[in-house]
Amino acid sequence: MILYTVRDGVYYNLEDFKPDLSDLGENGFPNKIYMNLTNRCSCSCTFCLRSLKEFNEHNSLWLKEEPTVEEVKAEYEKYDWSKVKELIFCGFGEPTMRLDDVIEIGRWLKSIHPDIPIRINTNGLTDLVFGKPTAHLFEGVMDTVSVSLNSSDVQKYLDVTRNRFGLQSYQAMIDYAKDCQNYVPHVVMTVVDVIGEEEVAACQKVCDDNGLVLRVRPYEAN
């Protein structure tokens, strides 16, 4: 599925809702819509739902093929967005693997729904993927960039993310988040609560030392 929403850790295809999306709020959904653009990722995280979670085909985040920009726009045009509170680039893969398409879709969304905040959930390794600074591309497009911090030090981060860039990836991810602050109103680092209080405290110190905001989120495996 390309567009979906989430409640209590369960993913729901937007096709199951009314075109005016009035049944989101009526049924206890948070009025946030996620868009799934790719299966590709520069990480292979030990906790990733790609390998831990099963879905039926209708509600699967695993894409048989990547939707084109025009297909994504066509999906959006099926719905009335007046009740939506946030649009979020997310999914099974890392959305910035399709960086140009993310920017194009984001600018299009801003042109027709300037009042709806847009967020992107990212691993923060985009500069390494493309070999150049990329944070400036989010200016005027994203309202929030959420970066997965995952761990408090270089080796732990690599052990958890198993990304293809090696030990340099940790500082690159932090530098990317700091650079995003120059172009995006809200930048937040995230960790999951299952890492334990001591590790959460260590991650908080990393964020404090780098002038970044930390959000601890619940881990959802099933």
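The values are calculated or read from the model by the stated rules, or taken from the named source; none is laboratory data. Predicted model only: the values in this text are computed from it and were never measured. Counting neighbours? That spans all protein chains shown, and the Cβs are built from the backbone with ideal geometry, glycine included. The protein model used for the area step is the full one, side chains on, heavy atoms only, and it has no ligands, DNA or RNA in it. Shrake-Rupley method; radii C 1.70, N 1.55, O 1.52, S 1.80 Å.
Some points to look at:
- Taking the Cα centre of the chain as reference, the dipole from Cβ charges on Lys and Arg (+1) and Asp and Glu (-1) amounts to some 280 debye.
- Annotation: the antiparallel percentage among DSSP beta bridges lying fully within the chain is about 20.
- Per-residue ellipticity at 222 nm computed for the chain from its helices equals -9000 deg cm²/dmol, with DSSP H segments shorter than 4 residues left out and the rest contributing -39,500 (n - 2.57).
- Put HIS186, HIS113, HIS136 in order of accessible area, highest first, and with a 1.4 Å probe you get HIS186, HIS136, HIS113.
- Relative contact order of the stretch 1-49, defined on C-alpha pairs under 8 angstrom at six or more residues apart (%): 40 percent
- Cα-based shape type of the stretch 61-160, given that a ≥ b ≥ c are square roots of the gyration tensor eigenvalues and the cut on a/c is 1.5: prolate
- Under the criterion of Cα pairs below 8 Å and six or more residues apart, the relative contact order for the stretch 148-205 equals 41 percent.
- Rough spin-label spacing in nm, given labels placed 7 Å along Cα→Cβ, for TYR183 and VAL154: 2.7 nm
- Each Cα pair under 8 Å and six or more residues apart adds its sequence gap; the mean of these over the residue count of the chain is a relative contact order of 19 percent.
- Top of TRP81, TRP62, TRP108 by mean-square fluctuation, Gaussian network on the chain, Cα under 10 Å: TRP108
- Tensor-based shape of the stretch 182-222 (alpha-carbon gyration tensor, a/c under 1.5 rounded, otherwise prolate or oblate): oblate
- Sparsely packed chymotrypsin sites (Phe, Trp or Tyr not before Pro) within the stretch 119-222, loop by DSSP, other Cβ within 10 Å at most 13: TYR219
- For the residues SER169, SER42, SER22, a GNM of the chain with alpha-carbon springs under 10 Å puts the largest fluctuation on SER22.
- Computed E for GLU197/VAL69 - FRET, C-beta separation, R0 41 angstrom, nearest 0.05: 0.40
- A straight chain from PHE165 to ARG40 at 0.36 nm per residue would run longer than the Cα-Cα distance by 43.5 nm.
- Stretched out straight at 0.36 nm per residue, the stretch from ASP80 to ASP23 would grow longer than its current Cα-Cα span by 19.3 nm.
- Residue pairs exceeding 29 angstrom between C-alpha atoms, taken from LYS78/LYS132; LYS110/LYS178; LYS64/LYS156: LYS78/LYS132; LYS64/LYS156.
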